[in-house]
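See structure below.
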Amino acid sequence: MNLLYYRLPKLISIFAMAFLMISSVSSCQNKEESTSSQNYDSPTSTSTLQLRINPEQTYQTMENFGASDAWSGQFVGNWPYEKKTAIADLLFSNETDANGNPEGIALSLWRFNLGAGSAAQGDASGIADSWRRGESFIVPETGEYNWNKMSGQVWLAKAAKERGVENLLVFTNSPPVTLTRNNKAFTSDANQSNLAPSNYDEFAQYLADVMQGMANIGLPVDYLSPVNEPQWDWTGGQEGTPYFNNEIAGIVKAIHSEFTERNLSQKLDIAEAGQINFLYEEGDKPNRSRQIPEFFETASENYIGNLKNVSRNISGHSYFTTSPYSKMLEMRKELAAKIENVPDLGYWMTEYCILGDNNGEIDGNGKDLGITSALYLAKVIHADLSVAQASAWHWWLAISPYDYKDGLIYIDKNKNDGNFSDSKMLWALGNYSRFIRPGSKRIGINSSTEPNEDFLYSAYKDSETGKTVVVIINSKYDEVAIEFTDLSSNNLQAYVTSEAKDLSKSDLFINGSIIIPKRSITTLIL
């Protein structure tokens, strides 16, 4: 597998984790287990599946669906107006065309990559791929801020805001190179972070400056993520730095102090674990894992759950935990159980694309604009929402120039102009993001058939309209007939992503039943 091409800093840890993943999961009962077996039913195409919605059975409140501007946003935001506007519409628009088809997937959160300044260093940055170097608002020659910098990313963030995207999150993979130990955006020593403790306060001041500066240019920030995948070594290839839990706690305390002094209200998203199991078990990353108890249990020396700027959602990434399907479910059940043990703590899944060989199920190498990758992605979203009970779900690269399954939109690797293509993964995410709006509540849905991964469904109640939204993933090569036993299908609206359709408004009624197309992701609004 060609992970060297994609994320070299992760390669060292991937093989070690393969031997340490534990498939046995505790059978502890939690509020999700009562319905988890009811969410994975596989009817035959010769019978009609009876689905029952239970609005009294409620789970998490959904907060947002998002994606990031790394790394192409710095260039695409400066592309010709017609092209960058069309790309922004695909990601952010909540408008429909003359036939009622969505023009975009209406993301509700946009992730803004606050680079470390490696772009200004050029080849001296040590990052060979110039697309993976990050821009900064800092002028390297003077150390002063220039809020006209990062113009491409700023344009995209403003385009998101203009199209109604509710939330803006700023994330850093590395502190600015002016503060790192080696004046690089990656570490020289995998055994220590690239930020010395003596610079925690200055890093906090820098982040507070950026929060205020972005607000002054019309981009108020809602969330700040100061560390990203601290378990990986990050010794080259792109911006990044490892952190130990005590270092993260020290950085967060410094940021909280600075934000309190300046009366800044941004919530801190902690700690974007490189894999979800690092949130609840040690694995092969001692002192960088077990982050739920480390940060949110009061007995911990690294407890930060009492700081008002710290979000009550812990975040992790779904990489390398999605195959086989049984393991994906088991790990998410364990994560949900661990989170439930901490009062008022929720979970955000804040980064994913298809990496690695996934137990032979799908290979991350080679971009795929078709339905196969979209169906795999939809299964991951389903498991993260219905089993791990994530209240937010974020994709990695919204716009990719790579031959990899990492993009929603693919572009030519041209910094000034080029062609672009949407993918089925874009529209599959849209089956969720377009219709499950912030404030929606996930509710119960069940049937009497045996569980199977080939036909998945989940249900949500819109807090504003009162409508029920059902998302169905049919991976079978056959159509499936369904009907709802306790909910009228009058005025049903259906939107289908399949090999032939891109979140297209569709009439699925045939002889009184709703026919779910083969190999499709379908959203029903009742």
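The values are calculated or read from the model by the stated rules, or taken from the named source; none is laboratory data. Keep in mind that this is a model prediction, so the values were computed, not measured. We place every Cβ from the backbone using ideal geometry, glycine too, and count neighbours over all the protein chains shown. Ligands, DNA and RNA are stripped out before the accessible areas are found, and what is left, the full protein with its side chains, is counted by its heavy atoms. Shrake-Rupley method; radii C 1.70, N 1.55, O 1.52, S 1.80 Å.
Report yes if some residue within the range 245-267 is aromatic (F, W, Y), under 21 Å from G356 (Cβ atoms) and open to solvent by less than 50 Å² (accessible area, probe 1.4 Å); otherwise report no. No, because not a single residue in the range 245-267 is aromatic (F, W, Y), under 21 Å from G356 (Cβ atoms) and open to solvent by less than 50 Å² (accessible area, probe 1.4 Å). Considering every residue within the range 290-303, establish whether at least one is modelled with pLDDT of 95 or more, part of a loop (DSSP other than H, G, I, E, B) and open to solvent by less than 40 Å² (accessible area, probe 1.4 Å). Looking through the range 290-303, at least one residue is modelled with pLDDT of 95 or more, part of a loop (DSSP other than H, G, I, E, B) and open to solvent by less than 40 Å² (accessible area, probe 1.4 Å).
When you scan the range 470-525, how many residues do you find that are modelled with pLDDT of 95 or more and either more than 21 Å from T449 (Cα to Cα) or among the polar types (S, T, N, Q) (or both)? Selection size over the range 470-525: 22. Please indicate, with yes or no, whether at least one residue in the range 351-370 is over 17 Å from the mean Cα position of the chain (by Cα), crowded, with 24+ Cβ neighbours inside 10 Å and farther than 26 Å from A119 by Cα. Within the range 351-370 (the criterion being over 17 Å from the mean Cα position of the chain (by Cα), crowded, with 24+ Cβ neighbours inside 10 Å and farther than 26 Å from A119 by Cα), the answer is no, since none of the residues qualifies. What are the residues in the range 341-356 that are aliphatic (A, V, I, L, M) and part of a loop (DSSP other than H, G, I, E, B), if any? Once the filter is applied, which keeps residues that are aliphatic (A, V, I, L, M) and part of a loop (DSSP other than H, G, I, E, B), the range 341-356 yields V342, L345, I354, L355.
Could you please tell me which pairs satisfy a Cβ distance under 7 Å, a separation of 6+ or placement on different chains, a first residue in the range 491-507 that is in a loop (DSSP other than H, G, I, E, B), and a second residue that is of a type in the set (S, T, Y)? Pairs found: S498/S520; L503/Y495; L503/T497.
Residue check: T235 meets all listed conditions (1) among the polar types (S, T, N, Q); (2) open to solvent by less than 30 Å² (accessible area, probe 1.4 Å); (3) in contact with a strand residue (DSSP E or B) (Cβ under 8 Å, 6 or more places away or on another chain) but one, namely (2).
Of the residues E95, E103, only one is in contact with a strand residue (DSSP E or B) (Cβ under 7 Å, 6 or more places away or on another chain), at pLDDT 95 or above and under 19 Å from I525 (Cα atoms); which? Within the list E95, E103, the selection yields E103.
This table checks each residue for (1) open to solvent by 10 Å² or more (accessible area, probe 1.4 Å); (2) of a type in the set (S, T, Y); (3) over 17 Å from T235 (Cα atoms).
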residue: L107; (1), (2), (3): no, no, yes
residue: A116; (1), (2), (3): no, no, no
residue: E144; (1), (2), (3): yes, no, yes
residue: T187; (1), (2), (3): no, yes, no
residue: L207; (1), (2), (3): no, no, yes
residue: G213; (1), (2), (3): no, no, yes
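The numbered conditions (1) in contact (Cβ under 8 Å) with a residue 60 or more places away in the chain; (2) in contact with a helix residue (DSSP H, G or I) (Cβ under 9 Å, 6 or more places away or on another chain); (3) over 24 Å from N419 (Cβ atoms); (4) crowded, with 22+ Cβ neighbours inside 10 Å are all true for S136 except (1).
Of all residues in the range 146-179, those that are crowded, with 16+ Cβ neighbours inside 10 Å and free of Cβ contacts under 8 Å to residues at least 24 places away in the same chain total 1. Of the residues making up the range 284-334, those that are aliphatic (A, V, I, L, M) and within 22 Å of the chain's Cα centre (by Cα) are I292, V310, I314, M328, L329, M331. When residues in the range 193-203 are screened for being open to solvent by less than 70 Å² (accessible area, probe 1.4 Å), over 18 Å from V139 (Cα atoms) and either part of a helix (DSSP H, G or I) or among the polar types (S, T, N, Q) (or both), 4 of them pass. Inspect the range 103-117 for any residue being in a helix (DSSP H, G or I) and out of contact with any Leu (no Cβ under 7 Å at 6 or more places or on another chain) and give the result as yes or no. No - not one qualifying residue is present in the range 103-117. Just so you know, in the range 490-505 the residues that are buried (at least 19 other Cβ atoms within 10 Å of the Cβ) and among the small types (G, A, S) include one that is nearest to Y376 (Cα to Cα), and it is S498.
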